[in-house]
Every structure is written in structure tokens, then in C-alpha cells.
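Comments concern the structure below.
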Amino acid sequence: MPQSICANIATKFICRCTKAICAAFLLSLMAGGPSAAQDAAASPTETAVSLAALLREAEQNNPQIQAAWQAWQAARKVPSQVSTLPDPQFQVQQLNVGSPRPFAGYTNSNFAYFGLGFSQDIPYPGKLHLKGEIAQRDASVAQQQYESARRSVLESFKAAYFQLVSLDNTLKILRDDSALLQQVERAAAARYQSGAGNQQDVLEAQLEQTKLLRETASTELSSAQAEARLKEILNRSQASSDITPSGLPESALPYTFEELLDAAIKQNPDISGAEKIVERQKLAVNLAKKDFYPDFNIQYMWQRTDPAEYPAYYMLTFGIRVPIYRRRRQRPELEQSQADLNASRSAYQAETQQVSLELRNEYDAAQKTSQILTIYREGLVPQSRAEFQAGLAGYETGRQDFQATLSAFLDVLRLDQEYWQTSAEHETALAQLEKLTGLALLEEGDGK
């Protein structure tokens, strides 16, 4: 068979393969699913929701935040309970002489009587006040735990939100860069048809198109998982409508590390909670010391015999509960409280160091990712695109080989994806700093 006929057959085969792959790619993008819902341009009826609005919804509806809030409200009700005297006891007595029947012999003996009385336990002075103070510290710890839960949930939401925006932009990049790859494929096919190129270049371009299909499907899966995470935090049904994020800004960091550290020490709920526990344990030591002192009991009784014959009786009783088992009860209790106090102090120091470490890591991450984003935006991304366009023009005229052109395209694709991933990492680091310090650092915007 002549060589020209073989070339024509091969060319027709390649064109058919190219059309089939492009059609499959377009169908996958047009099909229903996460990618169609996440592309704001593809669905004009969708409305992007700002991060601030979603955060307000999460704060109102998230079950974890609500559970922590209810626990705090419950703890606030304890101090008045434990600082109040024990309930008094009221008594009714009836004594007979000579007969088991009620009120039998009531008029026969001055020993028979009907009596009313009450008794009241009175703890040693200062005990109830200390118990109330300890409960107040427990309520303060519950408040800090609520704040910690709130910040943690909102930080998790921000991280998932930024990841969703990054994945949405990655999907757009894959679609846009697919058009660039089609330019390479058309150039390879034209060179092959003219006899200046070879069939391997065309097939390799088609292989990269297929890889883009695989990467698109993988990115759509990750995007769907990120959106499911957002719905979980918002306490929405997984069957509810998709979330369309508003954008991914590049927020600035206007604080030094020292300023952030000072804010964290003053406002971090984990540190504040550990500090409240230290205060609580100091009060617990004082209460354990109070337990070495006795508690008291007062009883008063009115007794009525036959009013015609005998006068009424009035009896006042004062009792003391003496702690005589100090070696087995009070002393171990005091030693336990002192050990708990020392443990709480160590836990406070450990929590402070842990927050400082996290703050240092997130601050460095925010600083470095900001620098890297500048390098991407002002250097790598435009340079890679310029190199690709120049290489493609050179390949079309025969001044550059196919592998260099394909490598330039892959650089464009990789750097675009890395830019958005780094942008998400930058905003996530700032979200972590917000959680640690309580400062507002994130900005609303539409991103790049």
C-alpha cells in the first residue's frame, strides 16, 4: 500500500479519536453533578452566598455549638444551688403511754404528747460560699469551652469553604486549559498531516486530554466532599441545594507575631479555660481545709400534752458533726486537692505553650503563602503562559519540538492549580489565627 494512503488512513483515524475524546469531555462537563452546580457562569439562577452569611448560619444551627451553649447555660444554674443552706426537715411526733393506738392515754400521763418540730443543718462558715465560688469557676470554664467549640466549628467551616472555592477554580482551570491543550493537539495534527510531525505527538496530546478527564472527575469528587462537609456543619440536609461560594480573597495580615501572641494569651478560650481551672482548684484547696472544721445542726421541737392538765414542752437541740476521721478522709482530700491544683497549673502552662506553637506555625504559614502567592501572580503564572504561547508558535512553525511544547502546557496547568491551592492554604492559616486570637483577619472578596 502506498505511503500516502497509509498516512490518509491514519489521519482519519486520529481525527475520529480526537472528536470522540472531545465529545466525551464536553458531555462530562455538561452532565448534572457537582461541577455543573459549582460553576456560577453555567447556571445564572444560582446566587453566590457570602462567607459571613454562612458563618452566621453555622453559628445559629450547628449542633456542636448549640450543645456547648446549653452546657454553659446549665452550669450557670449551679452556683445558687450549692451555695444555699440544705433544706430543713420538719417533724411530726406522737407518743402514747400504755397503748399502741394513736392518741390513746393522751390524758392519762404527762409523758404522752403530740409534737411538731424542725431541724436545720448548718455547714461551717465559709463552706457554702466556697462551693458557690467553685461552681462559678466551673460555669466560666463551660463558657470558655463553648467559645472554643464555636471557634473550632467556624474554623473548620472556613477551611472547607476555602477548599471548595479552590476546587471550583481548579475545575475552571481544567476546562480552560483543555482548550489550550486542544490548540497543541490541532498543531500536532496539522504538522502530522503536512508530514513535518509524527503520529506519536498527536496520540500523546490525546492522552493528556484523557488525563484531564480523569483529573476533572477526581476534582469533582473532592468538591462534592467539601460541600457535604459544609452542609454537615450548617446542619443542612445533604439533599438540600448546592452551596455556591462567593469567592476567595487574599486577606492581608496586619499584625506582628508579638501582637498576635498577646491577643491569644488574653483572648484564647483554651488558655482562659485552663486559667479558670487553676482558680477553681485553689478554691477547692481552701474548701478541703474547711472540711477539717465541724458542721452544725439545730433542732427545735414543740410538744403538746393534755392542755387541761399539763403544760406544753419546748425543746431546742444543738448538734455538732465532728470530723474525727481526718487521717482517712480530710487529709487525703486536702492532698488530692493540692495535687489537682499542681496538675492544673502544669496544664495551663502546657496549653499556653501549645497555643504559642500553633500560632507560630500558622503565622509563618500565612506569611510564606502570601509571598508565594505574589510569586505565582506576578511571576510564575504569566511567565508560564508566555512560555507556552511562544513554544506553541514555535512548534507550529517547526522551531520547537513537541515535548517542549507539551511540557510548557503542563507547567501552565500545574502552576494554575498550585496558585489556588496556595490561596486556600493562606486563607486557612488566617482562619486558624482567628481561632487562636479572636481577631478578625479574613476579608470578603471575589478573589483573583
Report relative contact order for segment 286-412 in percent, whole number only (criteria: Cα-Cα under 8 Å, sequence separation at least 6).
17 percent
Relative exposure of V202, V412, V97, judged by other C-beta atoms within 10 Å (fewest first):
V97, V412, V202
Proxy exposure order for R377, R137, R214 (fewest C-beta within 10 Å first) is R214, R377, R137
Pick out, from S109, Q60, L433, the residue whose Cα sits farthest towards the positive end of the charge dipole of the chain, with +1 on the Cβ of Lys and Arg and -1 on the Cβ of Asp and Glu.
S109
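Could you size up the charge dipole of segment 308-397 around its Cα centre, putting +1 on the beta carbon of Lys and Arg and -1 on that of Asp and Glu, and report it in debye to the nearest 20?
Details: 11 positive and 11 negative charges, 160 e Å.
In debye, rounded to 20, segment 308-397 gives about 780.
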Let me know the longest stretch in the chain that avoids all chymotrypsin sites (Phe, Trp or Tyr not before Pro) found in a DSSP loop with at most 15 other C-beta atoms within 10 Å.
112-291
Filtered GluC sites (Glu not before Pro), segment 107-176: DSSP coil and at most 14 other beta carbons within 10 Å:
none
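What percent antiparallel are the DSSP beta bridges of the chain, to the nearest 5? Working shown, then result.
Values: 25 of 26 bridges.
Around 95 percent of the beta bridges assigned by DSSP in the chain are antiparallel ones.
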Label-point separation in nm, E57 to E215, each point 7 Å along Cα→Cβ:
3.2 nm
Neighbour-count order for M315, M301, fewest beta carbons within 10 angstrom listed first:
M315, M301
In debye, nearest 20: dipole of segment 48-138 around its Cα centre with unit charges on the Cβ of K, R (+) and D, E (-)?
160 debye
Any idea which of Y376, M315, Q349 is furthest toward the positive side of the dipole for the chain, if Lys and Arg beta-carbons carry +1 and Asp and Glu beta-carbons -1?
M315
Among the listed pairs K127/K435; K77/K282; K127/K276; K158/K282; K231/K435, give every one whose C-alpha distance is greater than 27 Å.
K127/K435; K158/K282
Farthest toward the dipole's positive end in segment 149-305, which of Q281, A189, S246, given Cβ charges of +1 (Lys, Arg) and -1 (Asp, Glu) about the Cα centre?
Q281
Using alpha-carbon positions, what is the distance between the centroids of segment 177-238 and segment 48-115, in Å?
68 Å
Unit charges on C-beta of K, R, D, E only; dipole of the chain, Debye:
1820 debye
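Here, each number is a calculation from the coordinates, and none is a lab measurement. Since we're looking at a predicted model, the values are computed, not measured. Glycine gets a Cβ as well: all are built from the backbone with ideal geometry, and neighbour counts include every protein chain shown.
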